[in-house]
Amino acid sequence: MKIGILGGGQLARMLALSGYPLGFEFVFLCPVPDACAAALGEHLCADFEDQAALQQLAKKVDVVTYEFESVPADSVAYLNEKLPVYPPPLALATARDRLLEKNLFNELGINTAAFVAVNSLADLEEAVAKIGLPAILKTRTLGYDGKGQQRLFAGSKLKDAWDGLHHAAAILEGFVGFEREVSIIAVRSASGEMAFYPLTENKHEDGILHLSTSLRDDPMQTLAEDYAQRLLEHLDYVGVLAIEFFQLDGQLLVNEMAPRVHNSGHWTIEGAVTSQFENHLRAITGLPPGSTALTGHSAMLNIIGELPDIRTLLNMPNTHLHLYGKAARAGRKLGHITVCTESEASLKKLLAQL
Ligand code: AMP
């Protein structure tokens, strides 16, 4: 079976790496000439809106998926007329727009931080009066890793924040003084079978994910699974879905969802019986999900901006290195390290050395 992927970054690359043992082949549509997934399949180097390239992709593959939520909706709709595109376009359209996704969460009884739509400076002034400060102004679309956001504190100049987002449609969101951030990776097959990985605790630096640690028997697991199940069923979802939460006073508030494999699930490559990448491919090709059980105590550290000393890392026990084949650049995700041990104590000890 041939799988088409919109995007050719590290998520596409890791999907392909997990798909070869199952006999799948891959075609990537990605405008970046040196896309890091390109070595793992056929690379159609063209814009996502390029009709001829989309037509070519549709002819070559049996099913299409994507590695990021900003793929143009029209391109997905065009492909979906010709062959299955998973996760379904409704999930994509919802997840790419912070206002639509937050409205859906609330409609399904899933709690969020307070939020208000902002389309003008006057709206922003009203929103601040309603929600209070501190708060975060976020563009509705195209924001990731903390980009497209302005933090507002008492005394902040609202006009500067509004100008800073170039007057893009936005939401103002109340600032959550969370105790911790967790995420759940869930998967639903074409026949409706669902599986959930154990919760992951996430630490960010400068808005970018830095460290993810898999949790065991966490008291929030059942609630997170319940929320994930509501979304998977409502969206008639097929594939992997990631949901990020803030935990506050024994409650989970959803921050956002991603209709794809997710950075906070990279530890599953070594740390779970079946990785998030394999489970995504199983789901979109009509196969049943594999076990999401833990294989040990795991954590994942992102390699951002510059490469660490590889020899030192590879000399450390229970440490796995994943490099994405990307040139080093400040703020860029170049790879990740997974540490997977038999006990929590040895995990902590190893992480302290990294
Ligand atoms: P996002 O792009 O929405 O995922 O935000 C990136 C990171 O910024 C989150 O993982 C949080 O650490 C932080 N953040 C985003 N929204 C809020 C909020 N409403 N309150 C507190 N921290 C937030």
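Could you give the dipole magnitude of the chain about its Cα centre, charging the beta-carbon of Lys and Arg +1 and that of Asp and Glu -1, in debye to the nearest 20?
Rounded to the nearest 20 debye, it is 580 debye.
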Task: Amide hydrogen neighbours beyond the local backbone of PHE28, cut-off 5 Å, H modeled - done: ILE5, GLU42, HIS43, LEU44
Open item on the list: Sequence gap at least 6, Cα distance under 8 Å: using those rules, report the relative contact order of region 2-85 to the nearest whole percent.
Closed with: 34
Open item on the list: Out of the GluC sites (Glu not before Pro) in region 287-354, which ones are loop residues according to DSSP with at most 15 other C-beta atoms within 10 Å?
Closed with: GLU306, GLU342
Task: Spatial extent of region 114-174: Rg and Dmax, with the Cα atoms as the point set, Å - done: 10.0, 27
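Short version: what are the Cα gyration tensor semi-axes of region 209-354, square root of 5 times each eigenvalue, largest first, in whole Å?
On the way: eigenvalues 147, 67, 52 Å².
Listed largest to smallest, the semi-axes of region 209-354 are 27, 18, 16 Å.
Whole number in Å², please: accessible area per residue of region 73-149, 1.4 Å probe, ligands, DNA and RNA not counted. Before the final figure, lay out each step's value.
Working: 3510 Å² over 77 residues.
Spelled out: the 1.4 Å probe surface of region 73-149, per residue, equals 46 Å².
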Task: Whole-Hz couplings from phi, Karplus 6.51/-1.76/1.60, listed for region 241-248; x for Gly and Pro - done: 10, 10, 10, 9, 10, 9, 9, 8
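Quick check: residue separation of ASP34 and GLU179 times 0.36 nm, minus the Cα distance between them. What number comes out in nm?
Details: separation 145, 0.36 × 145 = 52.20 nm, distance 4.03 nm.
Full extension from ASP34 to GLU179 adds 48.2 nm.
In percent, how large is the relative contact order of the chain, given Cα pairs closer than 8 Å and 6 or more residues apart? Mind showing how you got there, number by number?
Values: 764 pairs, mean separation 48.5, N = 354.
The value is 14 percent.
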Open item on the list: Using the crude model of +1 on Lys and Arg Cβ and -1 on Asp and Glu Cβ, and no other charge, please compute the dipole size for region 182-266 relative to its Cα centre, in debye to 20.
Closed with: 200
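Determine by what factor the alpha-carbon radius of gyration of the chain differs from 2.2 N^0.38 Å, reporting the quotient.
Values: Rg = 20.1 Å, N = 354, 2.2 N^0.38 = 20.5 Å.
Taking N as the residue count of the chain, the ratio is 0.98.
Starting from the Cα gyration tensor of region 22-61, take the square roots of the eigenvalues, sort them a ≥ b ≥ c, and report rounded, prolate or oblate (rounded when a/c is under 1.5, otherwise prolate if a/b is larger than b/c, else oblate).
Numbers: a/c = 3.26, a/b = 1.20, b/c = 2.73.
Note, shape of region 22-61 comes out oblate.
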Open item on the list: A 21 angstrom limit on the alpha carbon distance is what I want to check against. Which of LYS203/LYS349; LYS138/LYS326; LYS147/LYS348; LYS326/LYS349; LYS2/LYS333 exceed it?
Closed with: LYS138/LYS326; LYS147/LYS348; LYS326/LYS349; LYS2/LYS333
- [ ] Note down the nm distance, to one decimal, between modelled labels 7 Å out along Cα→Cβ at THR141 and at GLU344.
- [x] 4.4
Task: P(r), alpha carbons of region 275-328 - 5 Å bins starting at zero, rounded % - done: 4, 13, 19, 17, 16, 16, 10, 5, 0
TODO: Please express the Cα-Cα pair-distance distribution P(r) of region 1-152 as a list of whole percents, one per 5 Å bin, running from 0 to the bin with the greatest distance.
DONE: 2, 9, 16, 17, 16, 11, 10, 9, 6, 3, 1, 0
- [ ] Treating only the Cβ atoms of Lys and Arg (+1) and Asp and Glu (-1) as charged, compute the dipole magnitude of region 180-353 about its Cα centre; round to the nearest 20 debye.
- [x] 620
TODO: Kindly provide the helix-only [θ] at 222 nm of the chain, computed as the sum of -39,500 (n - 2.57) over DSSP H runs of four or more divided by all residues, to the nearest 500 deg cm²/dmol?
DONE: -8500 deg cm²/dmol
TODO: Treating cross-link reach as a plain straight distance, find the aspartates and glutamates whose alpha-carbon is under 18 Å from the alpha-carbon of LYS130, omitting any fewer than eight places away in the same chain.
DONE: GLU173
TODO: Evaluate Rg over Rh across region 167-233, taking Cα atoms for both radii and Kirkwood's formula for Rh.
DONE: 1.05
- [ ] Could you state the accessible area per residue of region 180-353 in Å², with a 1.4 Å probe and every protein chain left in place?
- [x] 41
Open item on the list: Give me the one-decimal nm value for the distance between modelled label points at SER70 and ALA328, 7 Å along each residue's Cα-to-Cβ direction.
Closed with: 2.6
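The values are calculated or read from the model by the stated rules, or taken from the named source; none is laboratory data. Given the structure is predicted, the values throughout are model-derived calculations rather than measurements. Neighbour counts are summed over all protein chains in view; Cβ atoms, including those assigned to glycine, are modelled from backbone coordinates with ideal geometry. The accessibility values were calculated without ligands, DNA or RNA, using every heavy atom of the protein model including side chains. Shrake-Rupley method; radii C 1.70, N 1.55, O 1.52, S 1.80 Å.
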